[in-house]
Amino acid sequence: MEHRQLEYLVTLAEERHFTRAAERCRVSQSGLSAAIRRLEHELDAKLFERTTRSVEPTPAALALLPHAREILAQTAAGRDAVVRASHQLAGSLRIGAEQCLGALDVNLLLERFHRRHPAVDIQFVQAGSHQLVDHVAAGELDVAFVASADPAPLPAVAELARIPLVLIVPPAHPLAERPVSRWRDLRDADFVDFRPAWALRTINDDAFQRHGVERRVRCSVDDVHTLLDLVARGLGVAIVPQHVANKPQAKGLVALPVPSGAPEWIVSTLIAGTASLAPRLLEILDEERAEAEAA
């Protein structure tokens with residue numbers, strides 16, 4: 001059994017969906033499927049029941065999962081212990097991130113950093129991307145993970161991912177019954193969106209303005225799960241990144257393609273020029289991405 005096979009097993013068991021699991025592991029869907037088939041062949045056991053609608057772990061997979069999680073945790077802990085013993089750091093690291101970026105698990109990244117550098121104090125701020133850009137520019141944050149439609153104007157940027165946008169609507173909404181092929185098809189809809197400090201609000205406002213369509217934002221929020229709940233309750237429709245539509249809280253909502261000409265959700269790393277410990281945090285992120293690309 002290979003390390004990556006176990007990672008794919010755990011992720012697929014959690015997501016119950018090949019596409020979402022492949023996105024989390026940063027690997028093609030065909031690559032993830034092939035790795036799972038090799039693992040099944042090696043163990044001479046079927047690990048997942050596959051249907052057109054779902055992927056369910058078999059009793060064999062459920063028996064293997066605790067051991068797979070333990071192996072993955074021990075591998076990461078061993079790597080971090082070596083780094084900690086070789087490069088003991090002290091000081092503080094100020095980090096910011098917008099909620100539910102999709103391209104990375106910020107909490108997991110902070111856990112890994114803390115294991116390697118336990119003497120470093122971590123200050124973590126969650127806010128809208130526009131606020132985070134201002135905090136980095138003012139020297140109030142060392143590193144921030146932000147979203148935008150165009151990262152080019154941002155200083156010291158490293159792009160992490162591009163994620164398409166989708167339209168989510170309640171099942172009973174009129175838009176759920178017909179394709180939305182033109183931006184003007186959305187002019188009579190009520191919208192739920194984030195407040196202007198969030199990147200997605202700017203991305204959506206700019207897209208509608210660029211296509212000459214005025215939209216009504218009936219409700220503005222500051223939380224992803226609140227947005228999904230309000231859409232489900234019929235307060236409006238929403239345009240969100242694909243990974244938000246895949247969240248368990250979005251179950252029951254209808255996800256539709258956005259009309260042509262929609263921008264992408266671009267996730268980037270923003271680093272302050274004077275940040276001394278931020279590169280150590282990004283080392284871990286680079287390791288994870290390199291492992292994903294090599295698999």
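Just so you know, all these numbers are worked out from the coordinates, no wet-lab data involved. Since the structure is predicted, the reported quantities are computational estimates derived from the model, not experimental observations. FYI the Cβ positions are ideal-geometry reconstructions off the backbone, even for glycines, and counts take in every protein chain you see.
Here are the numbers for this structure:
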quantity	calculated
Most to least packed among 203-216, 257-270 [average Cβ atoms within 10 Å]	257-270, 203-216
Equivalent ellipsoid semi-axes - Cα gyration tensor, the chain, angstrom	34, 29, 15
Point-charge dipole on Cβ atoms (K/R +1, D/E -1) for the range 158-295, about Cα centre, debye to 20	660 debye
Beta bridges per DSSP with both ends in the chain, % antiparallel, nearest 5	60 percent
Net charge dipole size for the chain [Lys, Arg +1 and Asp, Glu -1 on Cβ; Debye, nearest 20]	580 debye
log₁₀ of I(q)/I(0) at q = 0.21, 0.30 Å⁻¹ - the range 14-55, Debye sum with one point per alpha carbon	-0.68, -1.12
Signed unit charges on C-beta, dipole axis of the chain, positive-most listed residue 18, 99, 260	260
